[in-house]
Amino acid sequence: MNFELKTLSLSAAAAHKCDLLVLLVPEGFKPQADDLSTLAAAAIKQGDLEPKPGKLLSIYTPAGIAARRLVLLGCGNGGAHAVRQAVLALATTLKTRSIKRAAVVFAMDCAAGAVGAAVCSMAEAGYVYTATKPKAEAPALSRATLGVTDDAAVQQEFATAAALAVGIEYARDWANRPANHATPTLIGDAAKALAKHAGIQCKLHGPAQVAKLGMGAFLAVAQGSDQALRFIELRYDGAARAQAPVVLVGKGITFDTGGISLKPAAEMDEMKFDMGGAASVLGVFRALAEIKPAINVIGLIPACENMPDGKAVKPGDVVTSMSGQTIEILNTDAEGRLVLCDALSYAARFKPAAMIDIATLTGACVVALGGLRSGLFASSDELAARLVAAGDAALDPCWRMPLDDEYAEGLKSNFADVANVAGRAGGAITAAKFLQRFVGDIPWAHLDIAGTAWKGGAAKGATGRPVGLLLHYLLGMAGAPTARRKTAAPRRARAA
Ligand code: BES
Ligand code: MN
Ligand code: ZN
């Protein structure tokens, strides 16, 4: 979907030719003298339109209005959250094949974040997955105009949101692809393709290089699969080399059967989404390519399948991670932390200002927070505060969870430095405590997106979360430059 921003008075909006005109009508709407205002005011007065978010009234070929269809759409207080709720109510309409051009017009001055919310929620509601379906099912809607009272005032918010929408769509497309269409090799190829954009480079490491790096935990997960693993290293250079990067680490399990600790059959198909963290890293880089902010970002993706096999790792096996710590793998289904711990060890070489891992890590996090908020764990209060604020601003919220050292008790092992699972209690937290052993003193955060990366049931599909949260955080960092640490090792030669 292509977006454009325009200053449109309500009388100009009435004359705007398109297949669908949506008028966002807030509570306390103050009508002017134009036809659209008159119509909306009459509908409210009659009780046919309630300006609550998502309540709507559809009108066909209304007199005096150039658009074929008009939707009067209540948007509550007109804030970002209410606008998103309102626009999502248009999901079916936006996917109608007869609608190619649409315009969404604000019948009031825009609240902060409302234009961005309108853009992202239109993209969200209009998204249709087609990678393994007939292309004819793709939405016909190709151009969406945002009509506001003053386009200059919201230009930057609009441009950021349009780029974010592209990144989110990219993340959704990759996460939605079934595991046989999104193998570690194919995810690697997608990352390589991103490096065609200016400012982005990509390096792919295969099994031999990963073995050479000593990533014994990652290798243990991958060894039960016929699909070759990939360790993907993306780099976005938007600022001076002296500026410390933020490292994003995305869990890239392209299918999680559980391994020898096999999962039950019901809903196992949803474990194709177990690379949602990886997809979010790809989505962030896709958006960075559009926005080109003045920051440095590294994206790391350990990608492999978790399969049961004669060669698969077994419960009780002890492996040596890149950090040198030995790990007793008591449950092969706790594989995410195993691929992530080696990627976090690798991340240290960039001397990052912060590192953030993103992972569909635990069913326990789904129990704790459901599908609304991602779980946030952070070793730094400042980093936590920035991520919480970014999530709120992006309408992609998270909730901070605890990291008391006592939670690590259950990870003790008689046969290795650490076990990969503790008991059932506090499972999202013990997983985070496991990861924390591998981050050293670098400010670190972990986002458990097991509940938020995809929806199950009839609406089954990837959400593209938390691309919005991450992008808002990164753009905030563009205004807060952090010098690379004095002790920084020399940067390695650029990827070829
Ligand atoms: N990918 C799963 C987590 C998951 C499960 C996400 C269900 C969304 C829905 C992860 O690899 C996993 O299997 N975790 C185990 C950990 C356990 C063995 C300690 C879990 O949550 O059951
Ligand atoms: Mn698992
Ligand atoms: Zn998993």
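Only one of the numbered conditions (1) surrounded by fewer than 24 Cβ atoms within 10 Å (Cβ to Cβ); (2) farther than 18 Å from GLU169 by Cα; (3) not charged (D, E, K, R) is not met by ALA125, and that is (2).
Check the range 411-419 and report whether any residue there is among the aromatic types (Phe, Trp, Tyr), more than 16 Å from ligand 2 (Cβ to nearest atom), within 24 Å of SER121 (Cβ to Cβ) and surrounded by fewer than 18 Cβ atoms within 10 Å (Cβ to Cβ). No.
How many of the residues in the range 84-127 are part of a loop (DSSP other than H, G, I, E, B) and within 17 Å of the chain's Cα centre (by Cα)?
1
Name the single residue that is nearest to ligand 2 (Cβ to nearest atom) among those in the range 237-258 being closer than 30 Å to VAL313 by Cβ and in contact with a Pro (Cβ under 7 Å, 6 or more places away or on another chain). Checked the range 237-258; the qualifying residue nearest to ligand 2 (Cβ to nearest atom) is THR257. Is it the case that ALA294 is surrounded by fewer than 24 Cβ atoms within 10 Å (Cβ to Cβ), away from ligand 2 (no atom under 16 Å from the Cβ) and under 16 Å from the mean Cα position of the chain (by Cα)? It is false that ALA294 is surrounded by fewer than 24 Cβ atoms within 10 Å (Cβ to Cβ), away from ligand 2 (no atom under 16 Å from the Cβ) and under 16 Å from the mean Cα position of the chain (by Cα).
Determine, yes or no, whether VAL210 is assigned to a helix (DSSP H, G or I) and either surrounded by fewer than 18 Cβ atoms within 10 Å (Cβ to Cβ) or within 16 Å of ligand 1 (Cβ to nearest atom) (or both). Judged against the criteria, VAL210 is not a match. For beta carbons closer than 8 Å, sequence separation of 6+ or different chains, a first residue in the range 97-109 that is in the same structural domain as LEU23 (by TED's automatic domain parsing) and a second that is among the acidic types (Asp, Glu) and surrounded by fewer than 24 Cβ atoms within 10 Å (Cβ to Cβ), the qualifying pairs are SER98/ASP19; ILE99/ASP19; LYS100/ASP19; ARG101/ASP19; ALA102/ASP19; ASP109/ASP150.
Pairing each residue of the range 420-431 that is within 13 Å of LEU330 (Cβ to Cβ) and part of a helix (DSSP H, G or I) with any residue that is modelled with pLDDT under 95 and within 16 Å of ligand 3 (Cβ to nearest atom), provided the two are 6+ apart or on different chains, yields no C-beta distance under 6 Å.
Looking across ALA416, ALA422, ALA408, ALA450, one residue alone is touching a Gly at 6+ places or on another chain (Cβ under 7 Å) and either over 19 Å from SER374 (Cα atoms) or outside the structural domain of SER379 (by TED's automatic domain parsing) (or both). It is ALA422. Here VAL249 does not qualify as assigned by TED's automatic domain parsing to the domain that holds ALA220, more than 16 Å from ligand 3 (Cβ to nearest atom), part of a strand (DSSP E or B) and not basic (Lys, Arg). Could you check, for the range 165-182, whether at least one of its residues is in contact with a Cys (Cβ under 6 Å, 6 or more places away or on another chain) and closer than 24 Å to LEU395 by Cβ? Yes; the residues of the range 165-182 include at least one that is in contact with a Cys (Cβ under 6 Å, 6 or more places away or on another chain) and closer than 24 Å to LEU395 by Cβ. The single residue among LEU340, LEU361, LEU372 that is surrounded by fewer than 18 Cβ atoms within 10 Å (Cβ to Cβ), within 30 Å of HIS181 (Cβ to Cβ), among the hydrophobic types (A, V, I, L, M, F, W, C) and within 16 Å of ligand 1 (Cβ to nearest atom) turns out to be LEU372. Count, please, the residues in the range 263-275 that happen to be within 9 Å of ligand 1 (Cβ to nearest atom) and of a type outside the set (Lys, Arg). Summing the residues that are within 9 Å of ligand 1 (Cβ to nearest atom) and of a type outside the set (Lys, Arg) in the range 263-275 gives 5. Going by what's in this entry, would LEU186 be described as free of Cβ contacts under 8 Å to residues at least 40 places away in the same chain, more than 16 Å from ligand 3 (Cβ to nearest atom), of a type in the set (A, V, I, L, M, F, W, C) and under 25 Å from ALA450 (Cβ atoms)? Yes; evaluated as a whole, the condition is true for this residue.
The values are calculated or read from the model by the stated rules, or taken from the named source; none is laboratory data. All figures in this text were calculated on a predicted structure; none of them were measured in a lab. With ideal geometry, Cβ positions are generated from the backbone for all residues, glycine too; neighbour counts draw on all protein chains shown.
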